Structures are given as structure tokens and as C-alpha cells.
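K.L.:
A single structure is presented below for examination.
The values are calculated or read from the model by the stated rules, or taken from the named source; none is laboratory data. Not measured: the values here are computed from a predicted model. Cβ coordinates were reconstructed from backbone atoms using ideal geometry, including for glycine residues, and neighbour counts include every protein chain displayed.
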Amino acid sequence: MATSENPFIALKARLVMAVFFGISIGLALMLGVLGGLGLLPIQANDPIIAPILYILVFSGLCLAIMAVSRHPAIDLANLLGPLPRQLAWLQLLWLVVGVFLFSLGAFQLSYLALSVVAPNLVETTLQQSLVLSADKAALPELYNMLMIVSVVIVAPITEEFIFRGVLLHRWGVKWGIRPAILMTSVLFGLLHSNLVGLFVFGVVMSLLYLSTRSLLVPMAAHAMNNAIASGIDALTAQATTDATIDTLIEFQANWWLGVACLLVSAPWVLRYVFYHWPDAHTQLPYFANQAQRKGV
């Protein structure tokens, strides 16, 4: 692949991170100033600001990446690839369920260990919910709608574009496909506060992209995963609305759920990883799609 045809040579990962922080800080300051001047219809500390910021930051980052990628520009057709005509959707759903259970089990056990040294942090994390009652947000229905949109639509599209689309190719070009899978998955896990579970999730999403050469497939799988998580979160929030529960004690008492999730899910998730792990010379999807479109 000639350098002149490779958009991931000039597109540095540190530039992506710098743009991310720039957009985040800029929007936060702007909303803070507007809120301080009373120019927003809601308070600056209203929870609805969180999904609005998420949507603006990650959508803005994707647009900024496309804007700075000009010599040469990233070809979206090569990056996204065509959706496979005979994709086994049921098998994909089962894989997503397996990865979700693995992530849930990893979260349960890792936060169980963390609760020994930082119980207040763990309890605060456990009390967070996508669904807020009316006394926590000025516009709870709008908040819930924006949260669902950001979690089930915006997050799968933008995060897969950034992590599997851009960073996987950038680090794959620089260090090779295997290190790129590991590095992007570690970063993904760190940013989601569930290192082990979301690391494995990132690995599986990378392998789905490599095996199908379509970024649309991990986007769909990511959306399925987040929809399952949102549904469980909503049901849990509804079931505990009127209950008085010591969140941390209940969480610690249910340690066996984490073990059960891992025992059930690990065999088929790790089997998928083992059979789809690429060799060192596997072609990155962008360049495989580019060659196919050129008829090479």
C-alpha cells in the first residue's frame, strides 16, 4: 500500500485524542457560560446535560476526524465496507449475549474486589442508572429519550468508527494487526470503567470487523449489547424504585452471579476469539475493501 493512498499514515492517534479533549472542554465551557448567563432552558448541572454532551462530543469527533483526514481523505465506503448479504443474525445475537454476560461477570468480580478498598466509589457507581425519576431531572422524559438515543444509536456508531475504524487501522499500520487489537481494546476498557469485560468486548468487535470486513457488523452488535444493558437497567430501576436496599451489601452478597456469568459465557466467547484471531499478515479491512473495489 503506497503512502499516498494510506490515510492512516498522517492521521495520528494523539491528534484524535487532542481533538477529543478540545471538543469536550470547549463544549463544557460553552454550556457552563450559557447556563451561568441564564441562556439555557435548563440548569447547567441538570443531568440532561450528560447525554447532550456525549452526543455532541462523539459526533463532533467523528466529523473532525473526517475533516482533518485530507491527504488522502478517509474513504467511508472502504472503512464501513458492505453489509454481508448472508449475515447470520441469530448467531451474532448469541455472540453478543455471550459477550454481555462475560462483561457483566467481569464487572461484578472486579468491582467486588474494589469494594474492599473503595466501598464509597463502588456504591456510587452501582447507584447510577440510565433511567431517572422525575425528581432528578427537569425533563425526565426528554432525558430518558436522549440517553437511549446516545447509548443505543450514537455510541455504537461513533465508538466503533473511532476505535475499530480509525484507531485499529492507525495502530495496525504502525505496529501490526495483533498489537492494534490489544491496544484499542485496552483503551476501550479503560474508558468504560470495566477493563477486563470491555477489553474482551473490544477484542470481539475487532474480530467481527476483520472477519466480515464491514464496520456495520460491530456497530450492529454494539447496539444489541447496549440495548440489552439498557433494558436490564430499566427493569432493575423499576423493580427497586420503592424498595429500601443497601446497594453495596446486596452487591457483595451476589458475588456468585459474577462467577456464574463468567462460567457460562467464557467458553463460547473465548472459542470465538481463538478461531477468529488473525495471523500477523491479515489485511486490514479498509485496504481489503479498497483492493476489492479496484478489482485487485
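K.L.:
Just give me the residues in the stretch 146-178 being closer than 17 Å to Pro285 by Cβ and of a type in the set (A, V, I, L, M), in sequence order.
P.N.:
Ile157, Ile162, Val166, Leu167, Leu168, Val173, Ile177
K.L.:
Of the conditions (1) within 30 Å of Gln283 (Cβ to Cβ); (2) in a helix (DSSP H, G or I); (3) of a type in the set (Val, Ile, Thr), Ile52 fails just one. Which one is it?
P.N.:
Condition not satisfied by Ile52: (1).
K.L.:
A follow-up question, please. Residues in the stretch 231-247: is at least one farther than 23 Å from Thr124 by Cβ, touching a Ser or Thr at 6+ places or on another chain (Cβ under 6 Å) and either at pLDDT below 95 or of a type in the set (A, V, I, L, M, F, W, C) (or both)?
P.N.:
Looking for residues that are farther than 23 Å from Thr124 by Cβ, touching a Ser or Thr at 6+ places or on another chain (Cβ under 6 Å) and either at pLDDT below 95 or of a type in the set (A, V, I, L, M, F, W, C) (or both), one finds none in the stretch 231-247, hence no.
K.L.:
Condition first: modelled with pLDDT under 80 and either among the small types (Gly, Ala, Ser) or assigned to a helix (DSSP H, G or I) (or both). Now tell me which residues in the stretch 1-30 satisfy that.
P.N.:
Step one: of the stretch 1-30, the residues modelled with pLDDT under 80 are 1-5.
Within the stretch 1-30, Ala2, Thr3, Ser4, Glu5 meet the criteria.
K.L.:
Among the residues of the stretch 95-130, which ones are out of contact with any Asp or Glu (no Cβ under 9 Å at 6 or more places or on another chain), polar (S, T, N, Q) and part of a helix (DSSP H, G or I)?
P.N.:
Residues satisfying the conditions are Ser103, Gln108, Ser110, Asn120, Thr124, Thr125.
K.L.:
Restricting attention to the stretch 8-37, which residues are more than 24 Å from Leu79 (Cβ to Cβ) and touching a residue at least 24 places away in the same chain (Cβ under 8 Å)? Spell out how you get there, then give the answer.
P.N.:
Taking the stretch 8-37 as the starting set, the residues that turn out to be more than 24 Å from Leu79 (Cβ to Cβ) are 25-37.
Answer for the stretch 8-37, where residues must be more than 24 Å from Leu79 (Cβ to Cβ) and touching a residue at least 24 places away in the same chain (Cβ under 8 Å): Leu27, Ala28.
K.L.:
So the check is Cβ under 7 Å with 6+ separation or different chains; which pairs have a first residue in the stretch 184-195 that's farther than 13 Å from Tyr111 by Cβ and a second one that's in a loop (DSSP other than H, G, I, E, B)?
P.N.:
Partner pairs satisfying both residue conditions: none exist.
K.L.:
Could I ask something else about it? What is the number of the single condition among (1) more than 30 Å from Leu210 (Cα to Cα); (2) small (Gly, Ala, Ser); (3) under 19 Å from the mean Cα position of the chain (by Cα) that Gly60 does not meet?
P.N.:
For Gly60, the exception is condition (1).
K.L.:
Could you check, for the stretch 13-21, whether at least one of its residues is surrounded by fewer than 16 Cβ atoms within 10 Å (Cβ to Cβ), of a type outside the set (S, T, N, Q) and touching a Leu at 6+ places or on another chain (Cβ under 7 Å)?
P.N.:
Of the residues in the stretch 13-21, the ones surrounded by fewer than 16 Cβ atoms within 10 Å (Cβ to Cβ) are 14-15, 17-18, 21.
From what's left, of a type outside the set (S, T, N, Q): 14-15, 17-18, 21.
If we keep only those that are touching a Leu at 6+ places or on another chain (Cβ under 7 Å) as well, we get none.
Among the residues of the stretch 13-21, not one is surrounded by fewer than 16 Cβ atoms within 10 Å (Cβ to Cβ), of a type outside the set (S, T, N, Q) and touching a Leu at 6+ places or on another chain (Cβ under 7 Å), which makes the answer no.
K.L.:
If you check Leu167, Leu191, Leu195, which single one turns out to be within 14 Å of the chain's Cα centre (by Cα), modelled with pLDDT under 95 and within 22 Å of Trp277 (Cα to Cα)?
P.N.:
Leu195
K.L.:
Which of the residues belonging to the stretch 61-93 are part of a helix (DSSP H, G or I) and free of Cβ contacts under 8 Å to residues at least 40 places away in the same chain? Before the answer, list the steps.
P.N.:
Taking the stretch 61-93 first, the residues part of a helix (DSSP H, G or I) are 61-68, 76-80, 89-93.
If the condition is that a residue be part of a helix (DSSP H, G or I) and free of Cβ contacts under 8 Å to residues at least 40 places away in the same chain, then Leu63, Met66, Ala67, Leu76, Trp89, Leu90, Gln91 are the ones that fit.
K.L.:
Mind checking which pairs have a first residue in the stretch 282-296 that is without any contact (Cβ under 8 Å) to a residue 40 or more places away in the chain and a second that is assigned to a helix (DSSP H, G or I) and of a type in the set (A, V, I, L, M), Cβ under 8 Å, 6 or more apart or different chains?
P.N.:
Correct list of pairs: Gln283/Ala291.
K.L.:
Right, another one. Mind checking whether some residue in the stretch 213-228 is surrounded by fewer than 22 Cβ atoms within 10 Å (Cβ to Cβ), out of contact with any strand residue (DSSP E or B) (no Cβ under 7 Å at 6 or more places or on another chain) and free of Cβ contacts under 8 Å to residues at least 12 places away in the same chain?
P.N.:
Within the stretch 213-228, none of the residues are surrounded by fewer than 22 Cβ atoms within 10 Å (Cβ to Cβ), out of contact with any strand residue (DSSP E or B) (no Cβ under 7 Å at 6 or more places or on another chain) and free of Cβ contacts under 8 Å to residues at least 12 places away in the same chain.
K.L.:
So in the stretch 189-212, with the set limited to residues that are among the polar types (S, T, N, Q) and within 22 Å of Gly176 (Cβ to Cβ), which one is surrounded by the fewest Cβ atoms within 10 Å (Cβ to Cβ)? Spell out the reasoning first.
P.N.:
Narrowing the stretch 189-212 to residues among the polar types (S, T, N, Q): 193-194, 206, 211-212.
Still in the list and also within 22 Å of Gly176 (Cβ to Cβ): 206, 211-212.
Working: Ser206: 27, Ser211: 16, Thr212: 18.
By that ranking, first place goes to Ser211.
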